[in-house]
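The structure appears below as structure tokens.
The values are calculated or read from the model by the stated rules, or taken from the named source; none is laboratory data. What you see is a predicted model; the values in this text were computed from it and never measured. Note: ideal-geometry Cβ built from the backbone for every residue, glycine included; neighbour counts use all protein chains shown. Only protein heavy atoms, including side chains, enter the accessible area calculation; ligands, DNA and RNA are left aside. Shrake-Rupley method; radii C 1.70, N 1.55, O 1.52, S 1.80 Å.
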Amino acid sequence: MTSRESSHAPETVVVEAGRPQRSNGSSVNPPIELSSTFVGSGETDHGDYVYGRFSTPGWTPFEEALAELEHAALPGLVFGSGLAAIAAALSLVPRGGTLIMPRHSYQGSLEAAGEVAQRSGFRLATVDIVDTAVVVDALDDVEAVSAVLWIESPTNPMLEVADVPALISAARDRGILTVFDNTFATPLLQTPLDLGADVVVHSVTKYLAGHSDVVLGAALTNNEELHKRLHDERSLRGAIAGPFEVWLALRGLRTLSVRMERAQANAALIAERLSSHPNVTETRYPGLSEDPGHERAAAQMSGFGAMVAFCVETAQQATAVAEAVRVWTPATSLGGVESLIERRRRNASEAESVPDGFLRLSVGIEHADDLWNDLDAAIRAAHSA
Ligand SMILES: Cc1ncc(COP(=O)(O)O)c(C=O)c1O
């Protein structure tokens, strides 16, 4: 069942979706099914499952649950990583076409897009996704049938907020496909397919799975043709997920709503305190009333998420903060129960427009006071060193 048929709130859907049929004595949870091939003696009708690279019962409950959450009429497609789902979506840009992408997209997406653009022969145009007029100009500048607009909002790592309804409808009006990376917000905070996005991609690794113990991705669409193309990409390139990882992701999904609630509350408090910290030069969190993305986020999202960013004066200070924390873990990635901190420019591939002293926080579900005391002490120590 997809959520188009479900009348339940997302908080209920994360708990109830993808459960096995009920009968006396049946399992409450789907089993982990480990089989690479499935019995089929007929010449054409093999049933739902044929071979583990095409689809497998270990994926189905999670794919159905994700479709319900993202309001997709077709089952989700789980991939071996977020980047594998992104690579499949990039294959939708035809040779000679144009991909319009936010200049502050996830760095891996930008790198993959650059590489695929060269190999497949399409143009990659990066834009400031916050500036709607600039994006619309870029949409006017391309041949619609061969263009794709990529949206990330909030963006990774700058936490900029795009005018999502305006951009999706501008693309639709021109017949341009939209791919939306919904990793940061999750379907609990926004459902881009409802606004007319053609494809949603996820790094399931992050909030959906939620425990920093699996690497997985997913793609969702309402469009039968796009679904087939994405499914074929997965089957033919083989970027598939293991049934155990998908089972773990479904287990993690059960608590998405309570994790998000707590993490968002922690993020709001930490952002508020950072914004008045004497040694912090800038704080970015869409939930702050003074944040440039606040109004848009308040209008188009049902929460502000749990990613926060802030700047200290120098790269050295930022590194010292990340080295001094004890409750926070200095590590890349995001969306797990544990709070992570990372100086993004330590990655050589990060955009130069990301400031040197910029630290990205993935706020977890620990006690807010422990998180704040640890971070505050580390910032003060780094400043006076
Ligand atoms: C917004 C976003 N999209 C996609 C990805 C890639 O996902 P994965 O690491 O699961 O391949 C990431 C990873 O950090 C991300 O932050």
Residue count, the stretch 108-123, condition open to solvent by 60 Å² or more (accessible area, probe 1.4 Å) and either away from the ligand (no atom under 15 Å from the Cβ) or not assigned by TED's automatic domain parsing to the domain that holds Val179 (or both), comes to 3
Out of the residues in the stretch 315-333 meeting the condition of being away from the ligand (no atom under 16 Å from the Cβ) and surrounded by fewer than 15 Cβ atoms within 10 Å (Cβ to Cβ), tell me which one is nearest to Ala377 (Cα to Cα). Arg326
When residues of the stretch 92-103 are filtered for being touching a strand residue (DSSP E or B) at 6+ places or on another chain (Cβ under 8 Å) and either open to solvent by 30 Å² or more (accessible area, probe 1.4 Å) or within 11 Å of the ligand (Cβ to nearest atom) (or both), how many remain? 2
If Val308 meets every condition in (1) of a type in the set (Val, Ile, Thr); (2) closer than 25 Å to Pro165 by Cα; (3) more than 20 Å from the chain's Cα centre (by Cα) apart from one, which number is that one? (3)
Inspect all residues belonging to the stretch 197-205 and state whether any of them is part of a strand (DSSP E or B), under 17 Å from the mean Cα position of the chain (by Cα) and more than 11 Å from the ligand (Cβ to nearest atom). yes
Output the residues belonging to the stretch 236-249 that are open to solvent by 10 Å² or more (accessible area, probe 1.4 Å), in contact (Cβ under 8 Å) with a residue 40 or more places away in the chain and part of a helix (DSSP H, G or I). Arg237, Pro243, Phe244, Trp247
Conditions (1) under 27 Å from Pro75 (Cβ atoms); (2) surrounded by 20 or more Cβ atoms within 10 Å (Cβ to Cβ); number of the one not met by Ala271: (1)
Within the stretch 138-149, count every residue that is within 21 Å of Ala351 (Cβ to Cβ) and either in contact with a Leu (Cβ under 6 Å, 6 or more places away or on another chain) or open to solvent by 30 Å² or more (accessible area, probe 1.4 Å) (or both). 1
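Return the total of residues in the stretch 359-370 being surrounded by 21 or more Cβ atoms within 10 Å (Cβ to Cβ) and closer than 19 Å to Tyr207 by Cα. Lay out the reasoning, then the answer.
At the first step, the residues of the stretch 359-370 found to be surrounded by 21 or more Cβ atoms within 10 Å (Cβ to Cβ) are 359-365.
Now drop any that are not closer than 19 Å to Tyr207 by Cα, which leaves 360-365.
Counting residues in the stretch 359-370 that are surrounded by 21 or more Cβ atoms within 10 Å (Cβ to Cβ) and closer than 19 Å to Tyr207 by Cα gives 6.
Would you mind stating whether Tyr49 is free of Cβ contacts under 8 Å to residues at least 40 places away in the same chain and among the aromatic types (Phe, Trp, Tyr)? Talk me through it step by step, then tell me what you get.
Values: free of Cβ contacts under 8 Å to residues at least 40 places away in the same chain: yes; among the aromatic types (Phe, Trp, Tyr): yes.
Answer is yes for this residue.
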